[in-house]
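The values are calculated or read from the model by the stated rules, or taken from the named source; none is laboratory data. For clarity, every value in this text was computed on a predicted model and none was experimentally measured. Backbone-built Cβ (ideal geometry, glycine too); neighbour counts: all protein chains shown.
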Amino acid sequence: MGLSVQSQFHVLAVDDSIIDRKLIERLLKTSSYQVTTVDSGSKALEFLGWYEDNNQINPNHQEVEVNLIITDYCMPGMTGYDLLKKIKECSSLRNIPVVIMSSENVPSRINRCLEEGAEEFFLKPVSKSDVNKLKSHMMKYKNTEQDEKKEEDDEIIEIQSQCSNKRKSMEEGLSTDRTRPRFSGLAVV
């Protein structure tokens with residue numbers, strides 16, 4: 001029996017409410033996603049390897065691939081909006097899709113999150129049909145990642161090709177120089 005496509009996806013769920021956290025975790029697991037839950041924005045950043053002190057990724061961090069972050073909007077300390085902004089500001093995290101959820105239907109808040117780069121804004125309680133929408137965002141992210149990897153690979157191939165052409169032309173240039181003129185009749189003293 002093979003793995004389903006969803007089980008290859010890892011979702012980081014962030015919510016300060018244990019009840020909401022358990023609910024979203026159950027919904028995601030029912031849809032066969034791998035799930036990690038944390039109770040705050042700062043713990044989410046820590047899980048992603050972010051150094052709050054100097055605003056950068058910890059180079060020694062054991063990287064765990066996260067394909068999507070779903071976060072509550074209203075949390076003490078760092079809101080879901082603050083977390084979204086931090087993720088979108090970080091070059092190594094900005095491609096991870098972020099979905100915001102809230103029990104309050106505030107259009108200005110929803111628009112602000114979407115303008116900042118959130119993929120979706122779900123109203124709580126999150127439903128199975130909401131969770132079904134996540135896959136398309138993760139597929140887009142996977143494809144973006146693969147495109148970037150392909151571009152990097154293409155660049156490397158191009159550089160290798162240029163180096164190899166340069167080497168060939170240098171070798172060809174050398175091979176004509178290698179035939180030294182022969183002097184006959186000269187004695188070596």
Among residues belonging to the stretch 70-86 that are in contact with a strand residue (DSSP E or B) (Cβ under 6 Å, 6 or more places away or on another chain) and β-branched (Val, Ile, Thr), point out the one that is nearest to residue 14 (Cα to Cα). 71
What are the residue pairs meeting all of these: first residue in the stretch 19-33, first residue surrounded by fewer than 18 Cβ atoms within 10 Å (Cβ to Cβ), second residue in a helix (DSSP H, G or I) and among the hydrophobic types (A, V, I, L, M, F, W, C), Cβ atoms under 9 Å, and 6 or more apart or on different chains? 30/131
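One line per residue, one yes/no per condition, for (1) of a type in the set (A, V, I, L, M); (2) under 22 Å from residue 19 (Cβ atoms); (3) crowded, with 20+ Cβ neighbours inside 10 Å:
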site: 90; (1), (2), (3): no, no, no
site: 96; (1), (2), (3): yes, no, yes
site: 102; (1), (2), (3): no, yes, yes
site: 107; (1), (2), (3): no, no, no
site: 129; (1), (2), (3): no, yes, no
site: 133; (1), (2), (3): no, no, no
site: 136; (1), (2), (3): no, no, no
Modelled with pLDDT of 85 or more, in contact with a Phe, Trp or Tyr (Cβ under 6 Å, 6 or more places away or on another chain) and assigned to a strand (DSSP E or B): is that true of residue 11 in this structure? yes
Considering each residue of the stretch 89-140, count those that are assigned to a loop (DSSP other than H, G, I, E, B), β-branched (Val, Ile, Thr) and within 20 Å of residue 29 (Cα to Cα), and give that number. 2
Just one of the numbered conditions (1) surrounded by fewer than 20 Cβ atoms within 10 Å (Cβ to Cβ); (2) free of Cβ contacts under 8 Å to residues at least 40 places away in the same chain is not true of residue 82; which one? (2)
